[in-house]
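Some notes on the structure that comes next.
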Amino acid sequence: MEQEIEEKISTYKRELNDELSRILNFWSENTIDEVNGGFYGRIDNNNQVIPGSPKGSVLNARILWTFSAAFNHHPDPVYFVKAARAYRYITDHFIDKQYGGVYWSVDCQGSPLDAKKQVYAIAFTIYALSEYYLASGIEAAKQNAVNLFYLLVEKAYDPVRTGYFEAFTRDWLPIDDLRLSAKDANEKKTMNTHLHVLEGFTNLYRTWPDEALKEHIEILLDNFFDHFIDHQTHHLVLFFDEDWRRRSDLVSYGHDIEATWLLLEAAEAIGNEKMLERIKKISIGMADAVIDGIDSDGGWWYEYEPADNHLIKEKHWWVQAEAMIGFYNAWQISGDEKYLQLSISNWQFVKDKILDKVNGEWFWGVKEDGSVMQSEDKVGIWKCPYHNSRACMEIINRD
């Protein structure tokens, strides 16, 4: 039995290594904006560049993280060149040198377009700059990440109730529309932003093991223990007001399974054994709860609305990528082979339905009938190389 498991894992990692190369090649060969600098803002599902598209800070931070992490994983100079390109573009065009933070978006020529300060975007920039420092050793990259950490604590942290407020105007004043996207609730504290602030801070801690940073990571983990994890359903609560009153019952399967391993990673990074053991127990309960979102073909549905008993029957690329890591992680924690099989079965679904075998990269997703969501982006404000490349690297690197 052990030999059979070892063979499964060996095959799985070999296939993911090949897939990682394909993902990175797609972004290297198709996304470079030779006219305006940096990377294209949008490419459609048929690999057609949409001229004049805005460029998003989240997309560019995720590109920087991906090529930096790829270089740290396998030091190919091509990856470093792309990472350096992304770093220059972010520092030249996205970092607000007057008020601090990063713009949400710039126009195709790199001028500020939506200058609001979305904490989520700043968190990803911290994440990316930290990874680039690990790849390059450039002190300015680490210092930029440290400066953004201090800025979030000063401007966005709630010193009374803890947690981070969602968004601000360019000059850090209150803003009416706090949402990341049109589908989100307009609330002051969200699970999604806190999860990625935690992710960014964790990566920064690897380069800069500062005590104040460690304390803020522990506070964020407590936020998940105390608020974001529903200990009855084992799902995450997505939206809260400023006083931590819950404002949503929506279930996001992708975020649930993503949180299981990101919380564990944070506790490991800071060496907090007590939190680590608590998270291990919670993670298995959360992984079991997410199994409700699986379809018979091995793919995970997007979201579930309990109030209406409504399942959103779409299977998005990023949910599958996080399920691959999350269930592999659950297997490592528990030793229960069912989780390993869920991870491998999900990868089989990705191979069957999500990989674009003609034009490269992963489709945004498929509908209930298995048809591709043709109107969605291949590259865009939200469509990036981070979830899928990270899934490959995480599983390849795990024992």
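For the stretch 15-29, the criterion of a residue being in a loop (DSSP other than H, G, I, E, B), out of contact with any His (no Cβ under 7 Å at 6 or more places or on another chain), in contact (Cβ under 8 Å) with a residue 60 or more places away in the chain and not β-branched (Val, Ile, Thr) is satisfied by no position. Figure legend. Inter-residue proximity from the stretch 203-214: first residues open to solvent by less than 40 Å² (accessible area, probe 1.4 Å), second residues small (Gly, Ala, Ser), beta-carbon distance below 7 Å, spacing 6+ or different chains. Indicated pairs: 203/130; 204/130; 204/145; 205/269; 207/130.
Can you find even one residue in the stretch 245-259 that is within 18 Å of the chain's Cα centre (by Cα), among the aliphatic types (A, V, I, L, M) and outside any helix (DSSP H, G or I)?
Quick first cut of the stretch 245-259, residues within 18 Å of the chain's Cα centre (by Cα) only: 251-259.
When the remaining residues are screened for being among the aliphatic types (A, V, I, L, M), the result is 251, 257, 259.
Of the ones still in play, those that are also outside any helix (DSSP H, G or I) are 251.
Within the stretch 245-259 (the criterion being within 18 Å of the chain's Cα centre (by Cα), among the aliphatic types (A, V, I, L, M) and outside any helix (DSSP H, G or I)), the answer is yes, since at least one residue qualifies.
Does residue 362 satisfy the condition of being within 15 Å of the chain's Cα centre (by Cα), open to solvent by less than 10 Å² (accessible area, probe 1.4 Å) and touching a residue at least 40 places away in the same chain (Cβ under 8 Å)?
Details: within 15 Å of the chain's Cα centre (by Cα): no; open to solvent by less than 10 Å² (accessible area, probe 1.4 Å): yes; touching a residue at least 40 places away in the same chain (Cβ under 8 Å): yes.
No, not satisfied.
Identify, from the list 332, 348, the residue that is touching a Gly at 6+ places or on another chain (Cβ under 6 Å), in a helix (DSSP H, G or I) and either of a type in the set (Ser, Thr, Tyr) or open to solvent by 60 Å² or more (accessible area, probe 1.4 Å) (or both). Break it down into steps so the answer makes sense when it comes.
Values: 332 fails: touching a Gly at 6+ places or on another chain (Cβ under 6 Å).
Answer to the check: 348.
Within the stretch 8-33, restricting attention to residues that are β-branched (Val, Ile, Thr) and more than 20 Å from the chain's Cα centre (by Cα), the residue that is surrounded by the most Cβ atoms within 10 Å (Cβ to Cβ) is 9. Given the criteria over 24 Å from residue 199 (Cα atoms), more than 17 Å from the chain's Cα centre (by Cα) and open to solvent by less than 30 Å² (accessible area, probe 1.4 Å), does residue 285 qualify? Against the criterion (over 24 Å from residue 199 (Cα atoms), more than 17 Å from the chain's Cα centre (by Cα) and open to solvent by less than 30 Å² (accessible area, probe 1.4 Å)), residue 285 does not qualify.
Rundown of residues vs (1) within 22 Å of residue 289 (Cβ to Cβ); (2) in contact with a Leu (Cβ under 9 Å, 6 or more places away or on another chain); (3) surrounded by 14 or more Cβ atoms within 10 Å (Cβ to Cβ), yes/no style:
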site: 146; (1), (2), (3): no, yes, yes
site: 170; (1), (2), (3): no, no, yes
site: 178; (1), (2), (3): no, no, yes
site: 192; (1), (2), (3): yes, yes, yes
site: 227; (1), (2), (3): yes, no, yes
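The values are calculated or read from the model by the stated rules, or taken from the named source; none is laboratory data. The structure displayed is predicted, hence computed values, not measured ones. Cβ: placed from backbone, ideal geometry, glycine included. Neighbour counts: every protein chain shown. Accessible surface areas use protein heavy atoms only, side chains included; no ligands, DNA or RNA. Shrake-Rupley method; radii C 1.70, N 1.55, O 1.52, S 1.80 Å.
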